[in-house]
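One structure is given below, encoded as structure tokens.
The values are calculated or read from the model by the stated rules, or taken from the named source; none is laboratory data. Since the structure is predicted, the reported quantities are computational estimates derived from the model, not experimental observations. Because the Cβ atoms are built from the backbone with ideal geometry, glycine has one as well, and the counts that use them run over all protein chains shown. Calculation scope for accessible area: heavy atoms of the full protein, side chains included, ligands and nucleic acids excluded. Shrake-Rupley method; radii C 1.70, N 1.55, O 1.52, S 1.80 Å.
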Amino acid sequence: MDKFTGYTCSICGHSYGPDEVTYTCPKDGGNLDVVLDYDAIRKKYQPGDLTSRSNPQGFPSIWRYLPLLPVSAPAGEATPLHLVGGTPIYSLPRQAKKFGIKHLWLKDESRNPTASFKDRASAVVVTRAREIKAEVVVTASTGNAGAALAGMAAAVGQKAIIFAPRSAPPAKVAQLLVFGAQVILVDGSYDDAFDLTVKASQEFGWYCRNTGYNPFTVEGKKSAAFEIWEFMQNQAGAGLRANLSSETVPVNAQRLVIFVSVGDGNIISGIHKGFKDLHALGWISHLPRIIGVQAEGSAAIFNAFHAKTETITPVQANTIADSISVDFPRDGIRAVRAATETGGTYLTVSDAQILKAIAELGQAGVFAEPAGATAYAGLTAAQAQGWLEPDAPVLVMNTGSGLKDVRAAMQAVQPAPIIEPTLEALKRILP
Ligand SMILES: *Cc1c(COP(=O)(O)O)cnc(C)c1O
Ligand SMILES: [Zn+2]
């Protein structure tokens, strides 16, 4: 584990050794960034060494990037935990045309083992938990982080406890229960569940996975950036490789633009960290622009970004997109920086726009939950504000599966007609 050299605080910049702290900065509660020994990694590996790696099973996964992850390889092989990530990137040519851009891709995180982006974080946190011999891993969750933790824990026989708000969508609660985690529904918000989880982990010595608290979640989530980087290298034929790796491309020209939906701000911080790692290694010369998309009813980070401050003021969250419904984002500061430091921005979308995006993605063959479709919904807002340039390639994240929240999906479409089983009845309803 010598590649993992410690942490720095994202607020005060203080450095800590790997064993000195577990969660946040003891001085100011700031989120900790994991620090890797970039010189040692650069000496040992070429980019091609990583991108050509695969699991013994032959399936792509986050473990391909093990030299850049602060854990050892998980023991055993071919469980769902071993096969997180490696998600497909689809081309959306008809949708690109509609937005007047040349390249539009969608990275489909619903293809992860528990059907959301959160598996990336939970796989690395559970691996860490095994390393430090934690008996119990616990998390607060609006649903997906819990399902991911429960699934990854079940995969390797680790005990998990999940606190979720009692309002979590039934499919997500069912997932938690089926994976055999101990599930506790809190009569309160996600934020209430979060605070209770931190207290309980202190009281009982449980290892806490909470988003924007445990520094290893970002380390798992950054693997999505590595996959995007690898994909872009393979686009050399389309002349796009230069976007990330050539000094000769003007900074603002044809840079990849990535759209991410944002609640706590940990996914966007993770994607930013992944590109920063690649930059620190000298493997890319430019970071892509990162654009965060929030629901209008849960826009604390959007507000801070546009007020040009890193002070995050809580909101009373209210949106159909439960996975990004957050009063007080736990990774707000780094989430603001993901946009400021990459020349990106923050946008908001209404619940109606999110539902419309679910239907539009459906027409591309992709089934997204509301928070998953939020990044795509941001394209319309981005176009209105001049953030889409015809030549700049765009990649949109779908962070979660539509099967997670069928009730919301039904609101995005017209109900199907019910007819008598006769030709006459059929003819009456055909246009
Ligand atoms: C968790 C989640 C998000 C937002 O991630 P944050 O780290 O909270 O910003 C977006 N979409 C889905 C489906 C999620 O589960
Ligand atoms: Zn600090």
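Can you find, within the range 395-410, the residue that is farthest from ligand 1 (Cβ to nearest atom) among those that are aliphatic (A, V, I, L, M) and in a strand (DSSP E or B)? Looking at the filtered set, the residue picked out is Leu395.
Just checking, which of Pro288, Pro329, Pro314 is surrounded by fewer than 23 Cβ atoms within 10 Å (Cβ to Cβ) and in the same structural domain as Gly372 (by TED's automatic domain parsing)? The match here is Pro314.
Taken over the range 27-51, the criterion of being farther than 16 Å from Ala280 by Cβ and either part of a strand (DSSP E or B) or within 16 Å of ligand 2 (Cβ to nearest atom) (or both) is satisfied by Lys27, Asp28, Gly29, Gly30, Asn31, Leu32.
Residues that are free of Cβ contacts under 8 Å to residues at least 40 places away in the same chain and touching a helix residue (DSSP H, G or I) at 6+ places or on another chain (Cβ under 9 Å) within the range 27-44 comprise just one, Lys44. Any residue that is under 20 Å from Ala368 (Cα atoms), within 15 Å of ligand 1 (Cβ to nearest atom) and in contact with a Phe, Trp or Tyr (Cβ under 8 Å, 6 or more places away or on another chain) - is there at least one of those in the range 182-196? Checked against the condition, which is being under 20 Å from Ala368 (Cα atoms), within 15 Å of ligand 1 (Cβ to nearest atom) and in contact with a Phe, Trp or Tyr (Cβ under 8 Å, 6 or more places away or on another chain), the range 182-196 yields no hits at all. Does the range 92-110 contain any residue that is within 16 Å of ligand 1 (Cβ to nearest atom), under 27 Å from Gly157 (Cβ atoms) and either open to solvent by less than 10 Å² (accessible area, probe 1.4 Å) or part of a helix (DSSP H, G or I) (or both)? Yes, the range 92-110 contains a residue that is within 16 Å of ligand 1 (Cβ to nearest atom), under 27 Å from Gly157 (Cβ atoms) and either open to solvent by less than 10 Å² (accessible area, probe 1.4 Å) or part of a helix (DSSP H, G or I) (or both).
Scanning the range 337-367 for residues that are of a type in the set (Val, Ile, Thr) and free of Cβ contacts under 8 Å to residues at least 60 places away in the same chain yields Thr340, Thr345, Thr348, Val349, Ile354, Ile358.
If the condition is being closer than 18 Å to Phe117 by Cβ and among the small types (Gly, Ala, Ser), then the range 363-389 contributes Ala368, Ala371, Gly372, Ala373, Ala375, Ala377, Gly378.
Condition check ((1) closer than 28 Å to Val326 by Cα; (2) in the same structural domain as Leu256 (by TED's automatic domain parsing); (3) in contact (Cβ under 8 Å) with a residue 40 or more places away in the chain) across all residues:
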residue: Asp108; (1), (2), (3): yes, yes, yes
residue: Arg111; (1), (2), (3): yes, yes, no
residue: Ala121; (1), (2), (3): yes, no, yes
residue: Val124; (1), (2), (3): yes, no, yes
residue: Val136; (1), (2), (3): yes, no, yes
residue: Ala148; (1), (2), (3): yes, no, no
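Scanning the range 4-26 for residues that are away from ligand 2 (no atom under 16 Å from the Cβ) and in contact with a helix residue (DSSP H, G or I) (Cβ under 6 Å, 6 or more places away or on another chain) yields nothing. Of all residues in the range 1-59, those being open to solvent by 60 Å² or more (accessible area, probe 1.4 Å) and either within 16 Å of ligand 1 (Cβ to nearest atom) or of a type in the set (Ser, Thr, Tyr) (or both) number 5.
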